[in-house]
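The values are calculated or read from the model by the stated rules, or taken from the named source; none is laboratory data. This one's a predicted model, so the numbers in the text were calculated from it and none came from an experiment. Here the Cβ positions follow ideal geometry from the backbone for every residue, glycine too, while neighbour counts run over all protein chains shown.
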Amino acid sequence: MTKNVLFIMCDQLRWDYLSCAGHPGLDTPHIDALAKRGVRFDRAYVQSTICGPSRMSFYTGRYVSSHGSTWNNVPLKVGEMTLGDHLRPLGVRTALCGKTHMSADAEGMKRLGLAPDSTIGALVSECGFEPYERDDGLHPSTSYGKRNKAYDDYMKDRGWEDENPWDSVANSGEDADGNILSGWFLDNSDAKARASDE
């Protein structure tokens, strides 16, 4: 019997921001259904307040001071063993979907002669995981981050013709007068996203 493990790692998600954790206003039925069938760790703590280093700690099982990826997009050293590296020899397929804020150690790979498009190079470039749909989740209208055309098309297919629907719809709310409230840096994080529930 094949067993699957799904690990969902979110940014800026307070401990109580799920309805299964008791939030009075947020409704998260799909996450609640997963939680009901799985395990909820209600006393877990992150190793860093920055998402990238925290993820690298989960992937490696090491403290930030040990693995050295101290900020988003600071490369994880090419020699670091990750969860994917430990599971692959056991015949477990490990895939990464979504964001990770990990950058490949291009200098280390070059020094060792690892081509990024080789089998090993591709795995090292993705924290030891097979990339499925890599999207670091930031689609600002500024030069920070890279836009994702597939996401823009997805939102536009749902009626949001905005130039950048991630920035103006999914990551923004509205005040009583219809003014857009940006969700950047947790400003206005108490406002519901402009995207409809559907």
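One table, with the values for the structure above:
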item	result
Helices (runs of 4 or more DSSP H) enclosed by segment 8-91 - at least 3 residues per element that are free of Cβ contacts under 8 Å to residues at least 12 places away in the same chain and under 30 Å from residue 190 (Cβ atoms)	29-37
Out of 181, 112, sole residue that is more than 20 Å from the chain's Cα centre (by Cα), without any contact (Cβ under 8 Å) to a residue 24 or more places away in the chain and not assigned by TED's automatic domain parsing to the domain that holds residue 10	181
Which numbered condition residue 44 fails, given (1) farther than 15 Å from residue 10 by Cβ; (2) surrounded by fewer than 16 Cβ atoms within 10 Å (Cβ to Cβ)	(1)
Lone qualifier among 84, 98, 108 - being surrounded by 13 or more Cβ atoms within 10 Å (Cβ to Cβ), among the small types (Gly, Ala, Ser) and in contact with a Gly (Cβ under 6 Å, 6 or more places away or on another chain)	84
Test: residue in segment 10-17 that is surrounded by 10 or more Cβ atoms within 10 Å (Cβ to Cβ), modelled with pLDDT of 90 or more and of a type in the set (Ser, Thr, Tyr)	no
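For (1) assigned by TED's automatic domain parsing to the domain that holds residue 4; (2) over 16 Å from the mean Cα position of the chain (by Cα); (3) within 17 Å of residue 120 (Cβ to Cβ), each residue gets a yes or a no:
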site: 35; (1), (2), (3): yes, yes, no
site: 54; (1), (2), (3): no, no, no
site: 77; (1), (2), (3): no, yes, yes
site: 80; (1), (2), (3): no, yes, yes
